[in-house]
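Quick notes on the structure that follows.
Values quoted throughout were computed directly from the atomic coordinates according to the rules given, and no laboratory measurement underlies them. Keep in mind that this is a model prediction, so the values were computed, not measured.
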Amino acid sequence: MKLSRSLQKSVASILILAFGFLSLIVAPAKAAMVGTDDMLQAQGHDLARQKVKIFLERQEVVQQLHALGVDPDEAKLRVDAMTDAEIAMVSKKIDQLPAGGDALGFILLVGVVVFIVLVITDIMGVTDVFTFIKKK
């Protein structure tokens, strides 16, 4: 019984020394408050990076990249390697690109639709806009 008690004391002292040295190596954790501005800025960078990646997935962009001899997957990898300032600049350029089709085509379409509606209402006798339409 005495042998096991002395063995227990020596094992316990070795473990105490081991944990004591281990606690010297491990650095204590430090916590601090994160400001709202820091979080919003980090989230803005993430959104801008995501916007550029979504832009690179568009079909017309993929076709243009292939035409220029650039692999779209390699372009996405390069987006991951860009700094936050570069991503912000590219995202701003994407926002400045024209969206949709040209305005002239839309105006012509609206004009044709208005013309057809006026012709139909003139034939029905509701309006009297065109002189070349004979009423019944």
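Subtracting the Cα-Cα distance of ARG5 and PHE132 from 0.36 nm times their residue separation leaves 33.7 nm of extension gain. Take every Cα pair under 8 Å whose residues are at least 6 apart in sequence, average their separation, divide by the length of the chain, and the relative contact order is 16 percent.
Extension gain for the segment LYS30 to ASP73, taken as residue separation times 0.36 nm less the Cα-Cα distance, is 11.6 nm to one decimal. Projected onto its three principal axes, the C-alpha set of the range 8-119 covers 106, 38, 27 Å, listed from the longest axis down.
Each residue of the range 45-52 is assigned a 3J(HN,Hα), and the resulting list reads 5, 5, 5, 5, 5, 5, 4, 5 Hz, derived from the Karplus form 6.51 cos²θ - 1.76 cosθ + 1.60 (θ = phi - 60°), x at Gly and Pro.
Couplings for the range 14-25, taken from phi via the Karplus curve 6.51 cos²θ - 1.76 cosθ + 1.60 with θ = phi - 60°, read 5, 5, 5, 5, 5, 5, x, 5, 5, 5, 6, 6 Hz in order; Gly and Pro are left as x. Under conditions of 20 °C and 1.002 mPa s, the range 39-97 yields 180 µm² s⁻¹ as its translational diffusion coefficient, taking Rh as the Kirkwood radius over Cα pairs in the Stokes-Einstein equation. Annotated for the chain: lysine pairs at least 8 residues apart or interchain, Cα distance under 21 Å, count 8.
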